[in-house]
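First up is the structure itself, then whatever we jot down about it.
Any read-out appearing in this document is the output of simple, stated calculations on the displayed coordinates, not a laboratory observation. Remember, predicted model here, so these are calculated numbers, not experimental data. Every residue, glycine among them, receives a Cβ derived from its backbone with ideal geometry; neighbour counts consider all protein chains shown.
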Amino acid sequence: MNDSSTSRQLADRLRTLVSGLSPGDLLPSSRDLIKEYRVGPATVARAIASLAAEGVVVTRPGSGTYVAQRPRLRDGVTDTDWQTVALTDRAVDTHLIADPLGPPSAGTISMDGGYVHRSLQPTRVLSAALARAARRPDAWDRAPSGGLMELRTVFAGIVGGGVAPEDVLVTAGGQSALSIAFRAIAGPGSPVLVESPTYPQALAAARAAGLRPVPVPLDADGVRPDMLAEAFAMTGARLFYCQPTFQNPTGTVLAPERRRQILDVAHASGAFVIEDDFARHLGHGGAVRRPLAADDNDGTVVYVTSLTKPGAPSLRIGALVARGPVMERMRAVRLVDDFFVSRPLQEAALEVLGSPSWDRHIRSLGAALRERCALLAAAVAREIPGATLTGLPAGGLHLWVRLPPGVDDTVLTSAARQRGVAVSAGSRYFATEPTAGHLRIGFAAAADLAELTEGTRRLGAALADLAPARERGA
């Protein structure tokens, strides 16, 4: 009997064996099969390969061979149960960035969004820039993996401090930049220090990279250097993620005297600082401090910025700025991920940034955000008794509000949705247990000032709805 017929016979016997097992059950090892059926290793390998090709089993190197149900139609629906075995346990946690309440119903006032309302976006400028960019003879050619040199030069100028175009990597927005940086700098299982509270999408990106976020407290002047040094010493972390300018969600700006301290603490710990400067163009009219990266002489800072927040959700253009081997590592990650960012979009961004219309847009956006911020702060004080505004931010898109004692932020956000207003539960912004109940209330995504006023009134009514239940609980 030749080897081919022997392997077919073994495959038939294994099919019989599998028919009595359940998906996910482990088959005997190759050594056991060789011993039980008195065949050679090659025969076992061919039989297993045949069954795997049919979808009867799934092999996992170093682990074994498992029963897997073949895809088939069940009541007209494809049966994908077999994928549970094939995918193992590498799930990506999106609960911090997915809306637990689902899409809002028609008429809901949006005070939970992270983008400016369409009326505040420079849509005409963007459309004209994209049209011009698309007409260029080389518009659809491959772009350099690091980004167009002219665009990298513009981003280098935004950072300042001697940053060169060669230190810039153009990315598909800020979230892509964060994902690249987290995966490039730290290995799975490593701790990453984060401000507390912090940006949920950064927590999600860090966890998707296999990192363990460790919170470091904030106060009115930003992250506390003493706590940061202690956290580095206790965890052995080599990475700290922060937003020094108009921090999300608190709106805090890192105090001048702490800026050098933060860099010194990180450098002494042999660690990198990821500076997420998402709000560089979201100031409310006052002076905006230089990025930490502009004062970094040691290659400590990995700088992230984006045009998406001040522009429009689909203006997915951002940048990573770094010096030394860390930049080479990030370039390698991006090359493996997607080669390069769409050239027409880069050309359009270059057109926008070089136009006087962009500067006018940033000034008008800042004035509009300042007006909205002041109106919302006054409305919160009037409509939500017992709530505490942690501070009036000088930039950004949100207010950070501490709720009255005993109010559950997730319960209130659900009640608010029933009243027709969407706000963000503060617990989403903490890497571990929150210190108290908070809401992040946005003032940029609503259509106008009247919607902001009405939305805050609805939020106050939702809080009043919960009062009887709180009183019974007391």
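Observations
- DSSP bridge orientation in the chain - percent antiparallel, rounded to nearest 5: 60
- Annotation for segment 253-334: chymotrypsin sites (Phe, Trp or Tyr not before Pro) lying in DSSP loop with at most 11 further Cβ atoms inside 10 Å of their Cβ do not exist.
- A simple rule links phi to the HN-Hα coupling: the Karplus curve 6.51 cos²θ - 1.76 cosθ + 1.60 with θ = phi - 60°, which for segment 342-356 gives 2, 5, x, 5, 5, 4, 5, 4, 5, 4, 5, 5, x, 9, x Hz, with x for Gly and Pro.
- J(HN,Hα) series, segment 395-410, from Karplus relation 6.51 cos²θ - 1.76 cosθ + 1.60, nearest Hz, glycine and proline x: x, x, 10, 9, 10, 10, 10, 8, 7, x, x, x, 8, 7, 5, 6
- The residue list S364, W400, L335 was ranked by how far each Cα lies along the charge dipole of segment 309-406 toward its positive end, using unit charges on Cβ atoms, and W400 comes out on top.
- Counting charges near E383 (Lys, Arg +1; Asp, Glu -1) among other residues having Cβ under 11 Å from its Cβ returns a value of +2.
- Residues of the chain were split at every exposed loop site, defined as trypsin sites (Lys or Arg not before Pro) in a DSSP loop with at most 12 other C-beta atoms within 10 angstrom, and the longest piece left, sites excluded, is 143-474.
- Based on DSSP H segments of at least four residues, each scored -39500 (n - 2.57), the chain has a per-residue ellipticity at 222 nm of -13500 deg cm²/dmol.
- Over the chain, the alpha carbon radius of gyration divided by the compact-protein estimate 2.2 N^0.38 Å works out to 1.19.
- Cα-based helix-to-principal-axis angle, 325-338 vs the chain, degrees rounded to 10: 70
- Take the Cα of A268, step 7 Å toward its Cβ, do the same at T388, and the gap between the two points is 3.1 nm.
- Karplus (6.51, -1.76, 1.60) ³J(HN,Hα), θ = phi - 60°, over segment 52-63, in Hz, Gly and Pro reported as x: 5, 5, 7, x, 6, 10, 10, 9, 10, x, x, 10
- Taking other C-beta atoms within 10 Å as the exposure proxy, M227, M330, M149 rank M149, M227, M330 from fewest upward.
- Segment 325-447 shape via C-alpha gyration tensor axes, a/c threshold 1.5: oblate
- Distance from segment 216-247 to segment 391-422 (C-alpha centre basis), Å: 25
- Residues whose amide H falls under 5 Å from that of E195, counting only those 5 or more places apart or on a different chain, are V216, Y241, with hydrogens built in the peptide plane.
- Net +/- balance of residues flanking E166 in space, Cβ distance below 13 Å, scoring K and R +1, D and E -1: +1
- Segment 234-386: C-alpha gyration tensor shape, a/c 1.5 cut-off, then a/b vs b/c: oblate
- Against the chain, whose longest principal axis comes from its Cα atoms, helix 225-235 is set at around 10 degrees.
- Net charge of the neighbourhood of R152, taken over other residues with C-beta under 11 Å away and scored Lys/Arg +1, Asp/Glu -1, is -3.
- Close amide H partners of H438, meaning residues 5 or more places away or on another chain with modelled amide H under 5 Å apart, are L403, D409, G426, S427.
- Sorted ascending by nearby beta carbons within 10 Å, beginning with the fewest, H361, H267 become H267, H361.
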